[in-house]
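The values are calculated or read from the model by the stated rules, or taken from the named source; none is laboratory data. This is a predicted model, so every value here is computed, not measured. So basically every Cβ, Gly included, is an ideal-geometry build from the backbone, and we count neighbours across all protein chains shown.
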Amino acid sequence: MIDHVEHALPDYRILPPDVAARMEQIKKRDYVLEIDRVTKVFTQKRNRTVALDSIEFGVHRRELVCVVGPSGCGKSTLIRILAGLEDATEGRILMDGKPVRGPGSDRGMVFQKYTLFPWLDVCRNVMFGIEMGGVDRLEAQRQAMQWLQMIGLEQFATAYPHQLSGGMQQRVAIARALAASPRVLLMDESFSALDAQTRTKMQNYLMEIWRKIDITIVFITHDLDEAIYLADRILVLKPHPGQVEEVIEVPLSRPRRAEQMTSAEFLATKAHLEGLIRSFGASDDMDEDEVTIDLPLLTLVTDQVE
Amino acid sequence: MQGFLASWRLYGRTDRMLRNIFGILAVLLPLLLWSAVSYLPFVWHPQVLITDPGGEEYLETGMRMNRADFARAVTEMQEQHQPVPQGIPSNPVYLPSPGDVLSAFVHAFTSSAPVGAEHSITQAFAHSIRIIFWGFVISSVMGVPLGIMCGSIPAVARLVEPAVDFFRYLPAPAFGALAVAILGIYDAPKIAIIVIGTLFQQILVIANTTRKLDFSLVEASRTLGAKGLRLLFRVVIPGILPDLYRDQRILLGWAWTYLIVAELIGTSSGITWFITQQARYQHFDNVFAAMALIGIVGLGTDMVLGVVGRKLFTWKRENG
């Protein structure tokens, strides 16, 4: 189905003038987060698995970067190394030019799982990171309420996480991460547990918040639509070992709207990404259309019975 | 009716009323069975309680003997044309009727102690509860912090757990003689036995509970800047608190099982001493009353703690 469209699609590398200008601007800014030849090797008994092989990448200030790749390309490992939850075997992570070790409040993270503290109400959850920064309780509460107002959940301040829907929980998780005033927000497939409608809403929320505050976002996803819709640049990783395959500059102007998802530029980028992912082969979560299902006739299926 | 059937299916559903009915039946059915055995002569009653010895010399009023022996005595007397012994069917002395136990139970609370310490159930029981209380408190003061540290700090776990695992397998009674030699014969060695019996399990159980804390919560709090003691007191401890509370409830039950051993070393005391004394005098109604008291107090405490726990940790329950 993609094939007959492909001829009509423009080259995804050609940026519209406004996007090109914006890209220029972004590239003039300093790197907030640098990945300096990061290699990660997992050793299990005698098995040596190279999850990441000399990854080099820099994220500019106030940029939104998405990382995509088939499963097994080490994108989750990469973000965990960025967050400091795992150590790189070789190479280092630089924040504003200085190497960092271990997790810290300068790199906030929103996980795929719901990780709000279930024993704290919504307000206290948001207050957590602020208080860890040494702010006293009253001030932390005031700031937390501001954040809740921003995400539109101030009426749920005294609710407990289990009383909220998944989307609301992730909104609170984003607020909690941002309230600790990090320089970079790391998102590890944060929306993948949500249903499609909520997910689209959350993507718009995220971009809205991102427009309003000085934050750099690194977003890991396996959803290509999500990556193209959100990102300034997309970092494509290839598996076995995890290496940078390509860095794509997304040819879509901002602010992004849902209608852009049917534009020629969007489709061209997506077609290219799909082609890339397919070329890696042996990935199990994206190229389902490649799987040929050969089932024997299991029940009596006739024209009368569908 | 449909609800009744559903409650017997694997993982079936029950409504509130059925749950209450089953709860009442759980108490009532054993009591009914016990009453039937006690009050319906045709159910069991393998013995005869002599009410009048008649001409048989070796019989006394209040004596119990097997039915067959009694029948033989009766025929013997009939053949010798002497007064026939009279008796009523009865259960063995070790199975008093619910009524007897109930009256012993009531008696325990209404009568004052005749002589010396611990001649009534209540006095003996109060002493036992003091032993349990101090044993459990001392064990918890050491075991809870150590368990949490074992579960959260790998070095502590490696240092402490092998030794704890070793001591865990030494039966607490084995320490009896040692405890008496060191701590004297009164309450101290008894408390020590309870501590020894509880502490080592406590450390391992709580370490395990701490390890089972959802690690993503720890990771999330780390990315928010929490570490060290703050991480421990703001994330780890609140996170495990409901499970810790449940562990403590279970461990309190463990402490009770060591009570019997503890009260038999040194000078016997408490409810165990009361039970063994009464059994020696064949006052089995008192024995049963004492056992019932332990059970009721144990069950009552556990139910109260359960309700308090559900009130305290609403977030855990509704989380599933």
*asked:* Restricting to the stretch B:163-219, and then to whatever is under 22 Å from the mean Cα position of the chain (by Cα) and charged (D, E, K, R), can you tell me which residue is surrounded by the most Cβ atoms within 10 Å (Cβ to Cβ)?
replied: B:Lys190
*Can you pull out the residues in the stretch B:200-223 that are part of a helix (DSSP H, G or I), touching a residue at least 24 places away in the same chain (Cβ under 8 Å) and within 14 Å of another protein chain (Cβ to nearest Cβ)?*
none
_Condition first: within 12 Å of chain B (Cβ to nearest Cβ), assigned to a helix (DSSP H, G or I) and either modelled with pLDDT of 95 or more or within 22 Å of the chain's Cα centre (by Cα) (or both). Can you find one or more residues in the stretch A:153-161 that meet it?_
no
*Which one is farthest from A:Pro103 (Cα to Cα), of the residues in the stretch B:230-247 that are of a type in the set (A, V, I, L, M) and more than 12 Å from every other protein chain (Cβ to nearest Cβ)?*
B:Leu244
*Pick from the stretch A:164-200 the residues that are buried (at least 18 other Cβ atoms within 10 Å of the Cβ) and among the charged types (D, E, K, R): which of them is farthest from A:Val68 (Cα to Cα)?*
A:Arg176
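Can you tell me which residue among A:Leu78, A:Leu82 is more than 12 Å from chain B (Cβ to nearest Cβ), part of a helix (DSSP H, G or I) and crowded, with 22+ Cβ neighbours inside 10 Å?
Values: A:Leu82 fails: more than 12 Å from chain B (Cβ to nearest Cβ).
Testing whether each residue is more than 12 Å from chain B (Cβ to nearest Cβ), part of a helix (DSSP H, G or I) and crowded, with 22+ Cβ neighbours inside 10 Å leaves just A:Leu78.
How many residues does the stretch A:121-173 contain that are in contact with a strand residue (DSSP E or B) (Cβ under 9 Å, 6 or more places away or on another chain) and over 19 Å from A:Met202 (Cα atoms)?
1
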*Determine, yes or no, whether B:Arg249 is assigned to a helix (DSSP H, G or I), more than 20 Å from B:Ala155 (Cβ to Cβ), out of contact with any Lys or Arg (no Cβ under 9 Å at 6 or more places or on another chain) and not β-branched (Val, Ile, Thr).*
yes
*If A:Leu206 satisfies every condition in (1) within 12 Å of chain B (Cβ to nearest Cβ); (2) crowded, with 20+ Cβ neighbours inside 10 Å but one, which is the exception?*
(1)
*Is it fair to say B:Thr223 is polar (S, T, N, Q) and farther than 30 Å from A:Asp106 by Cβ?*
no
*Among helices (runs of 4 or more DSSP H) lying entirely in the stretch B:1-115, which contain 2 or more residues that are within 24 Å of the chain's Cα centre (by Cα)?*
B:16-39, B:98-110
*Please tell me if A:Ile35 is at pLDDT below 85 and within 28 Å of A:Thr216 (Cα to Cα).*
no
*Looking only at the stretch A:119-140, which residues are facing chain B (nearest Cβ under 9 Å), of a type in the set (A, V, I, L, M) and outside any helix (DSSP H, G or I)?*
A:Leu120
*For B:Phe288, work out the one condition from (1) buried (at least 18 other Cβ atoms within 10 Å of the Cβ); (2) of a type outside the set (Val, Ile, Thr); (3) under 30 Å from A:Gly84 (Cα atoms); (4) away from every other protein chain (no Cβ under 14 Å) it doesn't fulfil.*
(3)
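This table checks each residue for (1) crowded, with 21+ Cβ neighbours inside 10 Å; (2) without any contact (Cβ under 8 Å) to a residue 40 or more places away in the chain; (3) assigned to a loop (DSSP other than H, G, I, E, B).
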{"site": "B:Arg230", "(1), (2), (3)": "no, yes, no"}
{"site": "B:Gly239", "(1), (2), (3)": "yes, yes, no"}
{"site": "B:Val261", "(1), (2), (3)": "no, no, no"}
{"site": "B:Trp273", "(1), (2), (3)": "no, no, no"}
{"site": "B:Ala292", "(1), (2), (3)": "no, no, no"}
*Of the residues in the stretch A:92-118, how many are in contact (Cβ under 8 Å) with a residue 40 or more places away in the chain, within 12 Å of chain B (Cβ to nearest Cβ) and not in a strand (DSSP E or B)?*
10
*If you check A:Phe191 against the conditions, is it within 12 Å of the chain's Cα centre (by Cα) and away from every other protein chain (no Cβ under 14 Å)?*
yes
_Quick check on the stretch B:170-182. Is at least one of its residues within 14 Å of another protein chain (Cβ to nearest Cβ) and in contact (Cβ under 8 Å) with a residue 40 or more places away in the chain?_
no
*Hey, among the residues in the stretch B:139-154 that are more than 15 Å from B:Phe233 (Cβ to Cβ) and of a type outside the set (A, V, I, L, M), which one's farthest from the chain's Cα centre (by Cα)?*
B:Pro154
